[in-house]
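The values are calculated or read from the model by the stated rules, or taken from the named source; none is laboratory data. This one's a predicted model, so the numbers in the text were calculated from it and none came from an experiment. All Cβ positions, even for glycine, are placed from backbone atoms using ideal geometry, and neighbour counts span all protein chains on display. For accessibility, only protein heavy atoms count, side chains too; no ligands or nucleic acids. Shrake-Rupley method; radii C 1.70, N 1.55, O 1.52, S 1.80 Å.
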Amino acid sequence: MKVFIFHTPELIPTDSLPDCAIAIDVLRATSTISTALAAGAEAVQAFSSMDELMRVSEQWSPDRRLRAGERGGAKVEGCEMGNSPLACTPELVGGKRLFMSTTNGTRCLEKIQNAKTVLAAALINRAAIVKYLLSQQPETIWIAGSGWEGSYSLEDTVCAGAIVHALSDLAAKGQTLESLAGNDEAFAAVALYTQWQDRLVDLLCNATHGQRLLRLDCLDDLKYCAQLDTLDVLPIQRQLGVLVAHQE
């Protein structure tokens, strides 16, 4: 396995595709996707465009759909949900499809949707991601952070580092960090994770987007998203833009 990390969707190569691509938006899209699927959602369908989300979701009956729209951290008017994983209770999302569009995360998913395998990762489901990678052994892995409107984000990088750190710890003998890392960003992400692994809430609260969410009174979201390995769920793309919980 060779792991390449790209900090924003804009940095993702356009002239090739990996065996496995992983989108990360810790605050909050991939945390919400993972939580919704763990709570029994039928699927999460991601859109970069709110207009397209509204058009496609109109084809579904209201009792089988939920519209989750977020811009700038706030819920989009006309949607039942914003982008808080804490809203994803079994009572609300069970058996339903979430039609989701966010500022950054769904745009990142769209950029990697043509890869052979597409996954969504967050800190809360890191162990499930690592388990899948170790079992499947994809030759090339791209981990793409969503960032914030084209800018670097600490929380996505620390999650990428957490994944690579676990891979280097658990991989077969000979799979060291040095052999796994495909670019400099992989080394830097692991260094960030090892520095902050016992203070992830603090890191997320100090991150630029964490500060933005604190101003929106979302401290509980930050605490939830900073948890490590709490959900045994693997969001995997079933068809373009549609993520489901992987069944072994």
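Structure summary
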read-out: Qualifying residue in region 127-135 (condition: aliphatic (A, V, I, L, M), over 13 Å from the mean Cα position of the chain (by Cα) and surrounded by 21 or more Cβ atoms within 10 Å (Cβ to Cβ)); value: yes
read-out: Test: residue in region 159-167 that is open to solvent by less than 10 Å² (accessible area, probe 1.4 Å), within 25 Å of Q237 (Cβ to Cβ), of a type in the set (G, A, S) and touching a strand residue (DSSP E or B) at 6+ places or on another chain (Cβ under 6 Å); value: yes
read-out: Matching option when the condition is aliphatic (A, V, I, L, M), closer than 29 Å to H165 by Cα and open to solvent by 10 Å² or more (accessible area, probe 1.4 Å), among A74, A39, A29; value: A39
read-out: Filter result for the condition that a residue is within 17 Å of the chain's Cα centre (by Cα) and assigned to a helix (DSSP H, G or I), over V244, V233, V158; value: V158
read-out: Index of the failed condition, E110 passing every other in (1) part of a helix (DSSP H, G or I); (2) crowded, with 19+ Cβ neighbours inside 10 Å; (3) in contact (Cβ under 8 Å) with a residue 60 or more places away in the chain; (4) not small (G, A, S); value: (2)
read-out: T176 vs. criteria polar (S, T, N, Q) and either touching a Ser or Thr at 6+ places or on another chain (Cβ under 6 Å) or open to solvent by 20 Å² or more (accessible area, probe 1.4 Å) (or both); value: yes
read-out: Test: L119 is outside any loop (DSSP other than H, G, I, E, B) and closer than 21 Å to D221 by Cβ; value: no
read-out: Helices (runs of 4 or more DSSP H) enclosed by region 5-95 - at least 3 residues per element that are touching a residue at least 60 places away in the same chain (Cβ under 8 Å); value: 29-38
read-out: Pair list, Cβ under 9 Å, 6 or more apart: region 188-201 residue under 18 Å from Q227 (Cβ atoms), other residue open to solvent by 60 Å² or more (accessible area, probe 1.4 Å); value: W196/D202; L200/Q227; V201/K223; V201/Q227
read-out: Filter result (farther than 11 Å from V118 by Cβ and surrounded by fewer than 18 Cβ atoms within 10 Å (Cβ to Cβ)) within region 232-243; value: D232
read-out: Every residue from region 177-216 that is in a helix (DSSP H, G or I), among the small types (G, A, S) and at pLDDT 95 or above; value: A186, A188, A189, A191, G210
read-out: Pairs with Cβ under 8 Å, 6+ apart, first in region 210-221 and under 12 Å from P85 (Cα atoms), second aliphatic (A, V, I, L, M) and in a loop (DSSP other than H, G, I, E, B); value: D221/L27
